[in-house]
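Colleague: There's a structure below that I have some questions on.
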Amino acid sequence: MAVLKPRVFVWRTFTSVLLAACFLGALVSGSVLFLAPPGRIANWTQWTVGGVTKHEWAALHVSFSAVFLVGVILHVFFNWRPLVSYFKNGYDRPFELVELIRGPHPKPTPDDPPPTP
């Protein structure tokens, strides 16, 4: 029977998951705040969504956004080398996303007519 080694904590993975979770939290809380009634009306009517008041939604939004900014700084720190190499060497695949959506360009064959200007 194989002996399992304990997994090592990977900060890069943690940072990516943290960024995704904080982005989703800020997205949800921002959407709720966008749809919320103005301050006085929310206070007078004791407006809540999921049992959370408008002020609490605002506090959640600020908290998620602050942790997101810290995560962005950590993400840049952990991925500094690839980021610098992109700027030094240039990104050699600028149309990769377009090719994924549209499909690759067909390769010209000798039988194809020359392109017209």
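Colleague: Inside segment 28-48, can you point out the residues that are among the hydrophobic types (A, V, I, L, M, F, W, C) and part of a loop (DSSP other than H, G, I, E, B)? Write out each step before concluding.
Modeller: Pass one, segment 28-48, residues among the hydrophobic types (A, V, I, L, M, F, W, C): 28, 32-36, 41-42, 44, 47.
Once the filter is applied, which keeps residues that are among the hydrophobic types (A, V, I, L, M, F, W, C) and part of a loop (DSSP other than H, G, I, E, B), segment 28-48 yields 36, 47.
Colleague: I'd like to verify a number: residues in segment 20-65 that are in contact with a Lys or Arg (Cβ under 9 Å, 6 or more places away or on another chain) and of a type in the set (Asp, Glu), how many?
Modeller: Keep residues of segment 20-65 that are in contact with a Lys or Arg (Cβ under 9 Å, 6 or more places away or on another chain), which gives 32-33, 36-37, 39, 42-43, 47-48.
With the extra rule that they be of a type in the set (Asp, Glu), the set shrinks to none.
The total comes to 0.
Colleague: Next question, about the same structure. Take the conditions surrounded by 10 or more Cβ atoms within 10 Å (Cβ to Cβ), at pLDDT 75 or above and either of a type outside the set (Val, Ile, Thr) or in contact with a helix residue (DSSP H, G or I) (Cβ under 6 Å, 6 or more places away or on another chain) (or both) and apply them to residue 67. Does it pass?
Modeller: On the way: surrounded by 10 or more Cβ atoms within 10 Å (Cβ to Cβ): yes; at pLDDT 75 or above: yes; either of a type outside the set (Val, Ile, Thr) or in contact with a helix residue (DSSP H, G or I) (Cβ under 6 Å, 6 or more places away or on another chain) (or both): yes.
The answer is yes for residue 67.
Colleague: So residue 16 fits all but one of (1) modelled with pLDDT under 95; (2) surrounded by 12 or more Cβ atoms within 10 Å (Cβ to Cβ); (3) over 30 Å from residue 81 (Cα atoms); what number is the exception?
Modeller: Single failed check for residue 16: (3).
The values are calculated or read from the model by the stated rules, or taken from the named source; none is laboratory data. Keep in mind that this is a model prediction, so the values were computed, not measured. We place every Cβ from the backbone using ideal geometry, glycine too, and count neighbours over all the protein chains shown.
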